[in-house]
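**Q** My questions all concern the structure below.
The values are calculated or read from the model by the stated rules, or taken from the named source; none is laboratory data. Only a predicted model underlies this, so the values are computations on that prediction, with no experimental measurement involved. Glycine also receives a Cβ, built like all others from the backbone with ideal geometry; neighbour counts cover every protein chain displayed.
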Amino acid sequence: MKKIPYWVLGIAVLMALAPLALTIMGYMDPGSGPGVLPGDNPSLAGTYGLFLSRNLATAVIMILAIAVRSPGMMFNAFMMRIFSDGFDIINTLAGGGAFPISYVALIVISIPAAWVLWPMVMTTSYGSNSG
């Protein structure tokens, strides 16, 4: 198995710990969590709770990918973050919200990591097309 570069692991740790910390903060005090604007009244029983649980799930998947050091699992975890944050941008803009630069930053640091992992995934026995 190829060794995952340390800088990719560093980004993976950031992509696991940041959503984990923000999710815990959101569960403990819904008014101070991620994506809450002044005057909002977020409810854990509504879409805000779904947003937090989705972020918690992606953090747990990234933590598992780091623990097993699997390029394939880590690639999938990065792709999950790229797509979920990308769709968050589309949703925010479609809803008339301000441009969410934080999501763009997460995507920008995830793309190079996924790019480096892709050849590792394709050269493993489960990722190649050779029989």
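**Q** Filter the stretch 61-95 down to the residues that are exposed (fewer than 15 other Cβ atoms within 10 Å of the Cβ) and β-branched (Val, Ile, Thr), then identify the one that is nearest to residue 123 (Cα to Cα).
**A** 68
**Q** Would the stretch 45-59 turn up any residue that is at pLDDT 85 or above, part of a helix (DSSP H, G or I) and under 23 Å from residue 3 (Cα atoms)?
**A** Quick first cut of the stretch 45-59, residues at pLDDT 85 or above only: 52-59.
Add one more test, that the residue is part of a helix (DSSP H, G or I), and what stays is 52-59.
Filter once more, so that each one left must be under 23 Å from residue 3 (Cα atoms): 58-59.
Yes, because at least one residue in the stretch 45-59 is at pLDDT 85 or above, part of a helix (DSSP H, G or I) and under 23 Å from residue 3 (Cα atoms).
**Q** Here is a further query. Just to be sure, is residue 90 closer than 26 Å to residue 4 by Cα, of a type outside the set (Ser, Thr, Tyr) and either in contact with a helix residue (DSSP H, G or I) (Cβ under 9 Å, 6 or more places away or on another chain) or modelled with pLDDT under 90 (or both)?
**A** For residue 90, the condition - closer than 26 Å to residue 4 by Cα, of a type outside the set (Ser, Thr, Tyr) and either in contact with a helix residue (DSSP H, G or I) (Cβ under 9 Å, 6 or more places away or on another chain) or modelled with pLDDT under 90 (or both) - is not met.
**Q** Please identify the pairs in which a residue from the stretch 1-22 that is under 14 Å from residue 70 (Cβ atoms) has its Cβ atom under 8 Å from the Cβ atom of a residue that is aromatic (Phe, Trp, Tyr), counting only partners at least 6 apart or on another chain.
**A** Close Cβ pairs satisfying both conditions: 12/78.
**Q** Would you be able to tell me the number of residues in the stretch 97-121 that are among the aromatic types (Phe, Trp, Tyr), closer than 16 Å to residue 86 by Cα and surrounded by 13 or more Cβ atoms within 10 Å (Cβ to Cβ)?
**A** 1
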